[in-house]
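> This structure is in structure tokens; I'll ask about it shortly.
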Amino acid sequence: MENKNKFDAIVIGSGIGGLTTAVLLTKLYKQKVLVLEKHFVPGGQTHEFMRVKDGKKYYWDVGVHYIGEMAKGVMSRKIFDFVTNGNLKWNKMPHFFENFVYPDFNFRQPSNPVEFEKALIEQFPDEYLGIKQYFKDIKIASKWFQSNSASKLMPGWMSLVIKLFKKDNSSMALTTTKDYLDSIINDEKLKALLTTIWGDYGVPPSKSAFVMHAIVVRSYLYGGYFPVGGAGAIAGNMVPIIENGGGKVLTSCNVKGIIIKNGKAKGVKVKKKDKEIEYFGKNIISDTGAYNTYFKLIPEDISIPFRDEINNAMSDFSTTTLYVGLKESAEKLGIKGENYWINTSYNHDETFEKSKSSNEVLSAFVSFPSIKNPESKSHTAELITFSHYDNFKKWKDTHWLKRGKEYVELKKEISEKLLDFVEEYIPGFKDLVDYAELSTPLTLEYFTDWPKGSFYGIPATPERFKYKWISPKTPVKNLFLSGSDALSIGVVGAMMGGVFAVAAIKGMKGFMKIMKEVN
């Protein structure tokens, strides 16, 4: 075995969770870490891509549309600062950073919870008590998640002792968002408004766990942030740390399987171009999600008792995104960088169901990354609508950029529908369009290997928070999970999944060491 193929740890996937694990092992334990990425660009859902038209370069993020809790002094910001050596800067979005658009009213969310609560009460005075209760319960459910997650790192006896003396709020946390809101609020428009951002966690109100809704809402109570230099600056500041520590970050590497001998993970089998290569490490960390890890990377003859449970949990929910290059800044239209959530209905569950069998545009999330990024050199927008894999599965066996004329025509049709839809609510937008390119669930599946383009991984239903395998620990010795399926969805959730992976490898003392170093 050649020494160049031996590492202290191997991370499969270079999303924020995988990179966080790799950087922490590098900085705190002086380990030589190998990161293997299928895409030709590192970063997973935090990477950027670029297109050129008439000499003008346009850049778009693929998954970092905005992030909460990035103010200085907040724990998630401290961790980001640590894993980027403080080189990644954050730009705060405007005070009114969300614009919720409905058929007969608009609501702009301010970057302050007191102001947010007051504005809701002014618009829905009859729901005063329910709104007050909602803001209290958001905090309670979020704290339940934090303590429940921390208990997974503790010895079993310690976790049981803590539960004996701590109030159990699991009943509220694990109800659906719809059932929770139905119990405290009567006004259907207010319910719709409060759940407008369900797209941030990918499950509509009747299916999502209230705790997931609470985590996301709480993370944005003080506004949204965007990385200075664009989403690509995240991996751009993390990869050098790994490489300067003696590790490697290799792209265009398709990991075909994890090498397991005598019940222990020993290494990985990789296909790079036409070569088959084996790499070996003391610990193997998968940042490719629970499904890919347990179904595609672990050999079938290895007994995994919850494989069926994982398979049944998967969803085909995904998105279709139109990446738009603009001739001029959208600031010309009065936009200051806020997000637009445009809805044609107050029933998000109905919208979700209709999107299963149709490519009609019934709602859209509109983001303006170039306004959020003070270092942007061109003007861009992203128009995102919810979608389902089955609407595109006809072309699932074709190759990226070679899916045929019919597929190209369908993309063109959807692109026009999205542009017309947004133009209705943001007049003048279409006149600014210089370039447009559509991404479908097939694109997500091709680049990420996530089945059916389900980029949120295991759906955030109440059941998700009961699965014991949503954890950095696996039944295979020396094999760990990182990223969103190790803990929680979203950029910060996946990053914390990376932290928890290191804690699982190094034990409770390892977690305490991380917390000490980042503070």
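Taken together, the values in this text are just the output of simple stated rules run on the coordinates, not laboratory data. Since the structure is predicted, the reported quantities are computational estimates derived from the model, not experimental observations. Every residue, glycine among them, receives a Cβ derived from its backbone with ideal geometry; neighbour counts consider all protein chains shown.
> Taking all pairs of distinct Cα atoms, average 1/r, flip it, and tell me the Kirkwood hydrodynamic radius of the range 110-223 in Å to one decimal place. Mind dumping the intermediate values first?
Details: mean 1/r = 0.0667 Å⁻¹.
Its Kirkwood hydrodynamic radius stands at 15.0 Å.
> Output ³J(HN,Hα) for the range 311-316: one whole-Hz value per residue in order, computed from phi by the Karplus curve 6.51 cos²θ - 1.76 cosθ + 1.60 with θ = phi - 60°, and x for Gly and Pro.
Taking θ as phi minus 60°, the curve returns 4, 6, 7, 5, 10, 9 Hz for the range 311-316.
> Could you please state, rounded to a whole Å, how far the C-alpha centre of the range 172-206 is from the C-alpha centre of the range 258-329?
Computed from Cα coordinates, the inter-centre distance equals 32 Å.
> I need to check one value: relative contact order of the range 110-223, counting alpha carbon pairs closer than 8 Å and at least 6 residues apart, in percent.
40
> With θ set to phi - 60°, apply the Karplus curve 6.51 cos²θ - 1.76 cosθ + 1.60 along the range 388-394 and write out the HN-Hα couplings as whole Hz, x wherever there is a Gly or Pro.
So the Karplus estimates, Gly and Pro as x, are 9, 4, 4, 6, 10, 5, 4 Hz.
> Quick one: 3J(HN,Hα) in Hz for the range 207-217, Karplus 6.51/-1.76/1.60 with θ = phi - 60°, rounded, Gly and Pro as x.
For the range 207-217, the Karplus curve yields 10, 7, 6, 4, 4, 5, 4, 5, 4, 5, 4 Hz.
> Moving on to the next point. For MET50 and LYS6, compute 0.36 nm times the residue count separating them, minus their Cα-Cα distance, and round to one decimal in nm.
Working: separation 44, 0.36 × 44 = 15.84 nm, distance 3.42 nm.
Result: 12.4 nm gained on full extension.
> Still on this structure, please answer the following. About the Cα centre of the chain, how large is the charge dipole given +1 on each Lys and Arg Cβ and -1 on each Asp and Glu Cβ? Please answer in debye to the nearest 20. Don't skip to the answer; put the middle values down first.
Working: 70 positive and 58 negative charges, 574 e Å.
In total the dipole reaches around 2760 debye.
> Measure off 7 Å from each Cα along the Cα-to-Cβ vector at LYS136 and ILE121, then give the distance between these two points in nanometres to one decimal.
Placing both labels 7 Å along Cα→Cβ, they lie 1.3 nm apart.
> Now for a different question. Give the Rg/Rh ratio for the range 312-382, taking Rg as the radius of gyration of the Cα atoms and Rh as the Kirkwood radius, to two decimals.
Here the Rg-to-Rh quotient is 1.07.
> Among PHE511, ASN99, VAL422, whose Cα lies farthest out toward the positive end of the dipole of the chain, if unit charges sit on the beta carbon of Lys, Arg (+1) and Asp, Glu (-1)?
Sorting the options by dipole projection puts first PHE511.
> Could I ask something else about it? Taking amide H positions as placed in the peptide plane 1.01 Å from N, state which residues far from SER387 in sequence (5 or more) or on other chains have amide H under 5 Å from it.
SER318, THR319, THR320
> Contact order normalised by length for the chain, with contacts defined as Cα pairs under 8 Å and 6 or more residues apart; what percent is it? Write out the running numbers ahead of the final one.
Numbers: 1039 pairs, mean separation 118.1, N = 519.
Relative contact order comes out at 23 percent.
> Please give the length that would be gained between LYS143 and ILE302 if that part of the chain were fully extended, namely 0.36 nm times their separation in residues minus their C-alpha to C-alpha distance (nm, one decimal).
Numbers: separation 159, 0.36 × 159 = 57.24 nm, distance 3.65 nm.
Full extension of this stretch gives 53.6 nm more.
> R0 = 22 Å: FRET efficiency of PHE40 with GLU409, Cβ-based, nearest 0.05?
Working: r = 27 Å, r/R0 = 1.25.
Computed FRET efficiency for PHE40 and GLU409: 0.20.
> Follow-up question, since we're still on this one. At a Förster distance of 45 Å, what's the computed FRET efficiency of LYS509 paired with GLU424, Cβ-Cβ distance as r, to 0.05?
It comes to 0.20.
> May I ask you to order 198-205, 349-356 by the average number of other C-beta atoms within 10 Å around their residues, highest value first?
Packing order, densest peptide first, comes out as 198-205, 349-356.
> Going by amide H atoms built from the backbone, whose H comes under 5 Å of the H on ASN91, apart from near neighbours?
Excluding prolines and chain starts, which carry no amide H, the hits are PHE226, VAL228.
> Under a crude label model (7 Å from the Cα following the beta-carbon direction), how far is ASN112 from GLU276 in nanometres?
6.4
> Pull up all non-local amide H partners of GLY267: gap of 5 or more, or a different chain, and H-to-H distance under 5 Å with H placed in the peptide plane.
ILE259, GLY281
> Could you compute the FRET efficiency for GLU309 and GLU375, with r as their C-beta to C-beta distance and R0 at 45 Å, rounded to 0.05? Before the final figure, lay out the partial values.
Values: r = 45 Å, r/R0 = 0.99.
Result of the calculation: an efficiency of 0.50.
> Still on this structure: In the range 200-291, which trypsin sites (Lys or Arg not before Pro) fall in coil by DSSP and have 12 or fewer other Cβ atoms within 10 Å?
Working: sites: LYS207, ARG218, LYS248, LYS256, LYS261, LYS264, LYS266, LYS269, LYS271, LYS272, LYS273, LYS275, LYS282; in loops: LYS207, LYS273.
The qualifying sites are LYS273.
> Take the cross-link list LYS178/LYS452; LYS136/LYS513; LYS261/LYS516; LYS256/LYS396; LYS468/LYS509; LYS178/LYS356 and give me the ones stretching past 28 Å between alpha-carbons. Kindly include the intermediate steps, with their values, before the conclusion.
Working: LYS178/LYS452 26 Å; LYS136/LYS513 32 Å; LYS261/LYS516 36 Å; LYS256/LYS396 20 Å; LYS468/LYS509 22 Å; LYS178/LYS356 20 Å.
Check vs 28 Å cut-off fails for LYS136/LYS513; LYS261/LYS516.
> Local charge sum around ASP397 (other residues, Cβ-Cβ under 13 Å, Lys/Arg +1, Asp/Glu -1)? Kindly include the intermediate steps, with their values, before the conclusion.
Details: positive: LYS393, LYS394, LYS396, LYS402, ARG403; negative: GLU445.
Here the charged neighbours net out to +4.
> Express in nm, to one decimal, how much length is gained between LYS402 and VAL228 on full extension, taking 0.36 nm for each residue of separation and deducting their alpha carbon distance. All intermediate terms of the calculation are to be shown ahead of the outcome.
On the way: separation 174, 0.36 × 174 = 62.64 nm, distance 3.45 nm.
Separation in residues times 0.36 nm, less the Cα-Cα distance, equals 59.2 nm.
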